[in-house]
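This report concerns only the one structure given below.
The values are calculated or read from the model by the stated rules, or taken from the named source; none is laboratory data. Predicted, not measured: the structure shown is a model, and the values here were computed from it. Positions of Cβ are generated from backbone atoms using ideal geometry, with glycine treated the same way; all protein chains shown enter the neighbour counts. Protein only, heavy atoms only, side chains kept; ligands, DNA and RNA dropped before computing areas. Shrake-Rupley method; radii C 1.70, N 1.55, O 1.52, S 1.80 Å.
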Amino acid sequence: MLYVSLGFKRYQLEYYERLSRVRTHGDWERWIEFFLRCVIEAADDGVSTAQRLFQVIGEDRSKAIQHKSATVNSLRLFELLPQHPVVTLARAGELLATTKPTTQKAIDSLCAAHVLHEVTGRKRDRVYALQSYIDVLGTETLPIPRLGVDGHGRPRWTQRLRSMMPLEIWQHRCNHPRFQRFRGQHSVGHFSWA
């Protein structure tokens with residue numbers, strides 16, 4: 001699966017500029033060129049991520065096999081983890097079709113080998129993650145920042161939108177009749193409507 005939108009996030013300004021040029025000048029050639037460049041990057045990222053995942057799984061498999069507490073069930077569980085990188089005791093028991101103590105022993109073995117990591121810090125209802133695998137999947141994605149709210153409980157969407165768009169697009173949108181009714185009614189941080 002290609003994650004083309006990551007390319008759009010990486011090159012947000014160019015993305016908005018290209019879309020604007022299509023709208024204002026009918027410049028489809030440059031838009032298609034930009035889009036295809038993002039597709040190529042997404043494909044390259046996918047291959048790179050697959051290679052890193054293969055390497056991480058191989059390293060973790062070696063750790064699981066070589067650990068002194070390794071059992072057949074811990075190795076069976078390990079082989080199921082790439083499809084289920086976050087598990088609970090109950091879910092691992094379902095996957096292995098074993099008793100609770102046997103499943104717990106398999107989980108403990110993988111935790112001792114530093115393959116699985118308990119992520120909740122609780123005594124009960126623990127959740128375990130194949131963190132190295134999840135980390136590889138998360139390295140190429142850009143987190144969506146939390147926008148938060150202003151002092152009046154309203155979302156701070158305007159500042160975030162303004163920071164993502166080129167000035168001429170932002171001004172065009174703010175001058176759209178749909179936005180005219182908001183002028184002077186709401187404080188939107190550092191943005192001036194003029």
Cα centroid separation - region 1-30 against region 31-97, whole Å
32 Å
Under 17 Å from the Cα of Lys9, which aspartates and glutamates turn up, not counting those fewer than eight places away in the same chain?
Glu17, Glu33, Glu41, Asp44, Asp45, Glu140
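How much length is gained on full extension from His67 to His114, taking 0.36 nm per residue of separation minus their Cα-Cα distance? If you can, show how the numbers build up before the last one.
Details: separation 47, 0.36 × 47 = 16.92 nm, distance 0.95 nm.
Length gained, His67 through His114: 16.0 nm.
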Per DSSP, loop trypsin sites (Lys or Arg not before Pro) in region 1-84 with at most 14 further Cβ within 10 Å
Lys68
Region 1-55 - percent of accessible surface contributed by carbon and sulfur, probe 1.4 Å:
61 percent
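With a ≥ b ≥ c taken as the square roots of the eigenvalues of the C-alpha gyration tensor of region 35-87, please select rounded if a/c is under 1.5 and otherwise prolate if a/b is larger than b/c or oblate if it is not? Walk me through the numbers before you get to the answer.
Numbers: a/c = 5.84, a/b = 2.80, b/c = 2.08.
Note, shape of region 35-87 comes out prolate.
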Among all the lysines, which ones have a C-alpha under 23 Å from Lys100's C-alpha, if same-chain residues fewer than 8 places away are not counted?
Lys68, Lys123
Say each of Phe54 and Glu94 gets a label point 7 Å from the Cα, pointing the same way as Cα to Cβ; how far apart are those two points in nm?
3.2 nm
